[in-house]
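The values are calculated or read from the model by the stated rules, or taken from the named source; none is laboratory data. The model shown is predicted, which means the values in this text are computed figures rather than measured ones. All Cβ positions, glycine included, derive from the backbone under ideal geometry; neighbour counts span all protein chains shown.
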């Protein structure tokens, strides 16, 4: 292959679109059983009305959906239609275990054999790498602990007291759902910042620039919310006014039956929901030794500085629906130029 793309979410499909038009030999390897990427696994009660803006896949406008439709149905159907329209070369389910240096090229090791390639575009996102921080006593807690990626809806928490940990959009959305049937407590490490003004292109560009600065320095990218803040939607305004979103600072430790605050007070709780984000799913790239001393992977655009045969899309500054499309185009343009450059 000229190019192997790993992952068929928004970033991988955008890259495939531009590869398909370029005439290069490519294949997209996706571990999922069907189209949709991480959207296949969103919680059932997440509706399109509360999903952040979805940027169109290239050349295929995203029709305004029914606001009450489940996101886990709407987005996979959109992705499936995009794959069918151009007969994109997506193979699934194919699980990639590692990528190895093979001299002039690379070897992509999968559960269905080894695929040799000249270039690799990694578009694996973060969904398969949920992050839960370690807190003293966590292993002793007798209630339920789960990550936001395991959240299936508010019904399972009915009548209970639930600590929701995290300052991102998922934490707020899930807490507001839980508040309809239970007593949630919102806990974050930092004071949440709510954005009054609309999310303009200027704000988006400024946020991307800050993330890109870290990636260029070889540091792990921060979350989007860390840069942009939380949207002050009507539902959030109501929750703030009613006290549902009364944020508390992090507890110091966990006990068998609850959490202990900084003043030594223990609060009994039934469950802890860790809406603490994700890390980039890059373990399969470990044999290539791409990480910098700062813990991140240094990029020049989408190209990995430590190995120019590898491009990352949907990582760092391109970890958004609009950024993924732009990154896919940029990666293909650069790869095509490298493959067609005169030798010597």
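Exactly one condition in (1) in a loop (DSSP other than H, G, I, E, B); (2) surrounded by fewer than 18 Cβ atoms within 10 Å (Cβ to Cβ); (3) more than 19 Å from the chain's Cα centre (by Cα) is false for residue 81; which is it? Of (1) in a loop (DSSP other than H, G, I, E, B); (2) surrounded by fewer than 18 Cβ atoms within 10 Å (Cβ to Cβ); (3) more than 19 Å from the chain's Cα centre (by Cα), only one is false for residue 81: (1). Considering every residue within region 11-31, establish whether at least one is in a helix (DSSP H, G or I) and free of Cβ contacts under 8 Å to residues at least 24 places away in the same chain. So far as region 11-31 goes, yes, one or more of its residues are in a helix (DSSP H, G or I) and free of Cβ contacts under 8 Å to residues at least 24 places away in the same chain.
For region 242-259, how many residues are assigned to a loop (DSSP other than H, G, I, E, B) and either touching a residue at least 24 places away in the same chain (Cβ under 8 Å) or surrounded by 13 or more Cβ atoms within 10 Å (Cβ to Cβ) (or both)?
Number of matching residues: 9.
Once region 7-18 is narrowed to residues that are crowded, with 24+ Cβ neighbours inside 10 Å and closer than 9 Å to residue 88 by Cα, the residue that is farthest from the chain's Cα centre (by Cα) is 16.
Annotation: of all residues in region 292-324 being surrounded by fewer than 17 Cβ atoms within 10 Å (Cβ to Cβ) and in a strand (DSSP E or B), the one that is modelled with the highest pLDDT is 308.
Here residue 107 fulfils each of the conditions (1) more than 26 Å from residue 283 (Cα to Cα); (2) surrounded by 16 or more Cβ atoms within 10 Å (Cβ to Cβ); (3) free of Cβ contacts under 8 Å to residues at least 12 places away in the same chain apart from (1). In the condition set (1) modelled with pLDDT of 95 or more; (2) in a loop (DSSP other than H, G, I, E, B); (3) crowded, with 16+ Cβ neighbours inside 10 Å, residue 45 is compliant with all but (1). Please work out if residue 267 is in a loop (DSSP other than H, G, I, E, B), in the same structural domain as residue 157 (by TED's automatic domain parsing), touching a residue at least 40 places away in the same chain (Cβ under 8 Å) and over 28 Å from the mean Cα position of the chain (by Cα). So residue 267 fails the test.
Scoring residue 61 on the criteria (1) surrounded by fewer than 19 Cβ atoms within 10 Å (Cβ to Cβ); (2) within 19 Å of the chain's Cα centre (by Cα) leaves a single failure, condition (2). On the basis of being in contact (Cβ under 8 Å) with a residue 24 or more places away in the chain and over 18 Å from residue 58 (Cβ atoms), does residue 316 make the cut? When the stated conditions are applied, residue 316 passes them.
Screening residue 66 with (1) closer than 22 Å to residue 41 by Cβ; (2) over 21 Å from the mean Cα position of the chain (by Cα); (3) at pLDDT 95 or above; (4) assigned by TED's automatic domain parsing to the domain that holds residue 312 gives one miss only, at (3).
Of everything in region 264-277 that is in contact with a strand residue (DSSP E or B) (Cβ under 7 Å, 6 or more places away or on another chain) and buried (at least 19 other Cβ atoms within 10 Å of the Cβ), the residue that is farthest from residue 152 (Cα to Cα) is 269. When 262, 281, 286 are checked against the criterion of being more than 20 Å from residue 190 (Cβ to Cβ) and not in a helix (DSSP H, G or I), 281 stands alone in meeting it. Among the strands (runs of 3 or more DSSP E) confined to region 110-228, the ones with at least 2 residues that are under 30 Å from residue 16 (Cβ atoms) and at pLDDT 95 or above are located at 113-117, 119-122.
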